[in-house]
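Accompanying notes for the structure given below.
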Amino acid sequence: MAIQPLAHPDILPEHIYLFHEGNLHHSYRMLGAQPETCDGLRGYRFTVWAPNAVEVGLALDRNEWKGEKEPLYKIPESGFWSRFFPEISEGTLYKFRILTEDGTELLKADPYAFQAEVRPQTASVTSSIEGYKWNDGAWRRKQRAMYNKPLHIYEMHMGTWKRKEDGSLYSYREMADLLVPYLLEMKYTHVEMMPLSEHPYDLSWGYQNTGFYAPTSRYGHPKDLMYLVDTLHQAGIGVLLDWVPAHFAKDAHGLRMFDGTPLYEYADPMLAEKPGWGTLSFDYSKPEIRSFLISNALYWMEMYHFDGLRVDAVTSMLRLDFEKQPGQYRTNDEGGLENKEAVAFLQQLNETVFKYFPYALMMAEESSAWPMVTLPVDEGGLGFNYKWNMGWMNDTLDYMESDFHERPSKHHLLTFPVVYSFAENYVLPLSHDEVVHGKKSLLDKMPGTYEQKFAGMRAFLGYFMTFPGKKLLFMGGDFGQFIEWKDEDQLDWFLLDYDSHRNLHNFERELSNLYLSEKALWELDHSLDGYEWITPDDQDQSVISYVRKGKKPADTLLVLINFQPVKRERYRIGVMRPGMYTEVLNSDHSVYGGSGITNDMQLPTEKIPFHGHPHSLELVLPPLSIVILKKNTRRKTDESPASITSVSSKTKNNNESNTLKPKRRTKA
C-alpha cells in the first residue's frame, strides 16, 4: 500500500475535516478527476474516498484496466486516496480498482465523475466542466421569490419528448432549438427535467442513478447541458431538475459496497434496502454522505445554473416503514417510524441551499401527511419552500375518472382538498407517475364519449389552473396524448393533425396565457385571502363555484365548473360586488372544440339576495365546462375595498376550510 505523507496542496486538512463533519459543501472541487498542471505537466489528479480499501489504483486503457499498475496514494488518517497522473487528457475512460480487505478486486466508477461513458458501457470519463461562457446573467440577476408570482411548470423526459425520424435521441444542444420555441408558445414559466444524472437503465427514467455528478451522456457532453440551460434562461424560462437523494442503483460499478463495505448505504439491511424498487438507501447518519449529497445539490445549481430541485421520494426517506412489510423494518430509538437522520439531512440540505441560493426552488415530492414540510428549519420544519400536493392530485383524479352518475356521491373529493390547501406552499402536480403503468393518460381517464372526454379534459385543466397552488403538467397532457406515456418512444405529436387535439392544445395555450395575465390566479396562492367558496355544496348538479382574488379587488375572478354532461340554464350565484360581469374564458367555446354555448353578452347583477349576498347574477353553464367571469371595472366606486363582502362569513353550509388560518410559509 503506497502512502502519501502529505496531502496535495488542493486537498487541505480543513477540507478533509469539513468532509468528515458533513459540511464540505463543494466536495466536487476536491474529489474525482480534476484537471491540473503539476511541474509543468498537464494531467488529472484522481481522488476518491475509500476508507476501508487495502489498495486503490487507476484502471484505464493504457494499463489494460489493471489498476494495480498505477496505484493511488493513501492520505493518512483521512480515508482518501489521491494521485496526480500526467499526460492523461480529457475524454480518457477510467475506473478505480479497489482491493478489499477480503482480497476481492472491484472496478468502480468514480462517484464524483463529471462524465460517464454512454450506456451500456460503465466507465467514467475525464472531463473539464470549467470554461463555459454563460450568457444568462440577466436572468439570474432578476430572480426573486416565487410565492406571489406565476409558476407554471412543464415536466418532461428528455428522451421521449421528441426523437429523430430514425428513433435516435436529440442532443442537449439540438433540444434547445426545439424546446425553447415550444415553451414560449405555450407560455410555461419553467421546465422541469426528469433526472439527468447518469443511470444505466433507460426504463428507470433516471430515478436509479450510478453517476450523481455526471449529466447523462445519452444526450451529449456536460457543456452541451450548460448550453441548453443557458438558452432556456436567455428566453426567460426557468429550469428545474428532478433530483434523487433517496436511493441509488445496485449495479456493480456503482456505489454499492464501494470499498468492500457498505460505505454509501446503511450497513443494516432493514435500513438500506428499498425492496419495492430494488435499490439502496443512503446512510444519512454518515457526515461524509451528507457532504456528498449536499455538494451534489449545489453542484447542479452552481455549475449548470439550475434554478432549483424537485426532490424525489422524500416520503421514502422520512418513513422507516415506507413500502415495507412487517419484519422488513424496525422503529427508531423512541419507538417511532421516523428516520431522524433523514430529517436532519433534509433540514441541513435546505438550509445550505438557501444560504447559497436564496431564491432557489426546493420542492418536495412528499406523499404522506408529514407536517411542516415547507416551514423553515428554525421553526421546526423541513425547510423546503414548496411541496407537491399529492392529496389534491389523488382526490381530483379519483373524481375525474368517475362515471357521471357517481360524481354526486364523490363531491367531497372536490371540496375536501380546500381544507388543507394553505397548510403548506403547494405545487399541484399532474406528473408522469399518473400516466404510466396502466393508469391511462389524462385524456383517457375522462369518462363518456370521445367528445365528452375532450370537454371533460378542458374543464379539468381549467380547474387545475384556477385551484390554489402553483402548477406542474407532464408533457402530453398539453395536447391530449390519448394513450399513456410510452417510455421508449416519443410523444404522439401526429395527434396535432386532428382538430380535437389541436383545439385542446390551443385551449391549454390560452389557459396558460390567462394564468399569466390574471394576478388572482397566483398573487395570493398561499393565503386564504386569495380564495373563497361560492357554491361548495351543489353536489346534486356536480357544480362548484369559487372566487380567486389578487391583492386588488379589481383582479377578482369568479370560477364556475360544471362536471356533468348537462347544460345548466339560468344558473344563479351570489356575487361580492354589483355591476356588469364579462366572461373571460369558456371552455365550451367552439374555437376550443366545444359546442359553442357561451355567455356572449355582459352579465348584469340583480338585487336578488343569494349565497349570503344582496346581489346575484344568472348565466348558462355549458355541459362539462369551466366558465370564468370578471367584473367590469370602469367605475372607481366599484373598486372600493369597502364594497367587498366575505363569502365565507355569509354562505350557509360553506366549506370548513375557511375556518383554518395557517401560518405563512414563505421564508426560505
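A search for C-beta distances below 7 Å between a residue of the stretch 483-508 that is more than 19 Å from Tyr188 (Cβ to Cβ) and any residue that is modelled with pLDDT under 95 and assigned to a helix (DSSP H, G or I), counting only pairs 6+ apart in sequence or on different chains, returns Asp487/Leu203. Each residue in the stretch 292-327 was checked for being hydroxyl-bearing (Ser, Thr, Tyr) and touching an Asp or Glu at 6+ places or on another chain (Cβ under 8 Å), and 2 pass. When only residues in the stretch 245-260 that are in contact with a Phe, Trp or Tyr (Cβ under 8 Å, 6 or more places away or on another chain), touching a residue at least 60 places away in the same chain (Cβ under 8 Å) and not hydrophobic (A, V, I, L, M, F, W, C) count, which is nearest to Glu198 (Cα to Cα)? So the residue we want is Gly254.
Scanning the stretch 121-152 for residues that are of a type outside the set (A, V, I, L, M) and more than 30 Å from Asp110 (Cβ to Cβ) yields Asn135, Gly137, Trp139, Arg141, Lys142, Gln143, Arg144, Tyr147, Asn148, Lys149, Pro150, His152. Screening the stretch 547-572 for residues that are without any contact (Cβ under 8 Å) to a residue 60 or more places away in the chain and in contact with an Asp or Glu (Cβ under 8 Å, 6 or more places away or on another chain) and picking the one that is farthest from Glu451 (Cα to Cα) gives Lys551. Residues considered: Lys486, Lys519. Of these, the only one that is surrounded by fewer than 19 Cβ atoms within 10 Å (Cβ to Cβ), out of contact with any Cys (no Cβ under 9 Å at 6 or more places or on another chain) and of a type in the set (Lys, Arg) is Lys486. Every condition in (1) charged (D, E, K, R); (2) under 22 Å from Ser27 (Cβ atoms); (3) assigned to a loop (DSSP other than H, G, I, E, B) holds for Lys250 except the one numbered (2). Would you call Arg330 surrounded by fewer than 19 Cβ atoms within 10 Å (Cβ to Cβ) and basic (Lys, Arg)? In short, yes.
With a requirement of 2 or more residues that are assigned by TED's automatic domain parsing to the domain that holds Met30, none of the helices (runs of 4 or more DSSP H) lying completely within the stretch 107-223 satisfies it. Exactly one residue out of Glu70, Glu21, Glu36 is touching a residue at least 24 places away in the same chain (Cβ under 8 Å), surrounded by 15 or more Cβ atoms within 10 Å (Cβ to Cβ) and acidic (Asp, Glu), and it is Glu36. Every listed requirement among (1) in contact with an Asp or Glu (Cβ under 9 Å, 6 or more places away or on another chain); (2) touching a residue at least 12 places away in the same chain (Cβ under 8 Å); (3) closer than 28 Å to His26 by Cα is met by Lys340 save one, (2).
Conditions tested, residue by residue: (1) touching a residue at least 12 places away in the same chain (Cβ under 8 Å); (2) part of a loop (DSSP other than H, G, I, E, B); (3) within 18 Å of Gln328 (Cβ to Cβ).
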| site | (1), (2), (3) |
| --- | --- |
| Ala267 | yes, yes, yes |
| Met270 | yes, no, yes |
| Trp277 | yes, yes, yes |
| Ser285 | yes, yes, no |
| Ile289 | yes, no, no |
| Ile294 | yes, no, no |
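Could you go through the stretch 310-317 and let me know if any residue there is of a type outside the set (A, V, I, L, M), touching a residue at least 60 places away in the same chain (Cβ under 8 Å), more than 25 Å from Thr47 (Cβ to Cβ) and assigned to a strand (DSSP E or B). Yes - at least one qualifying residue is present in the stretch 310-317. Listed by position, the helices (runs of 4 or more DSSP H) contained in the stretch 370-478 that have at least 3 residues being surrounded by fewer than 23 Cβ atoms within 10 Å (Cβ to Cβ) are 390-401, 412-415, 450-466.
The values are calculated or read from the model by the stated rules, or taken from the named source; none is laboratory data. Source: prediction; values computed, not measured. Positions of Cβ are generated from backbone atoms using ideal geometry, with glycine treated the same way; all protein chains shown enter the neighbour counts.
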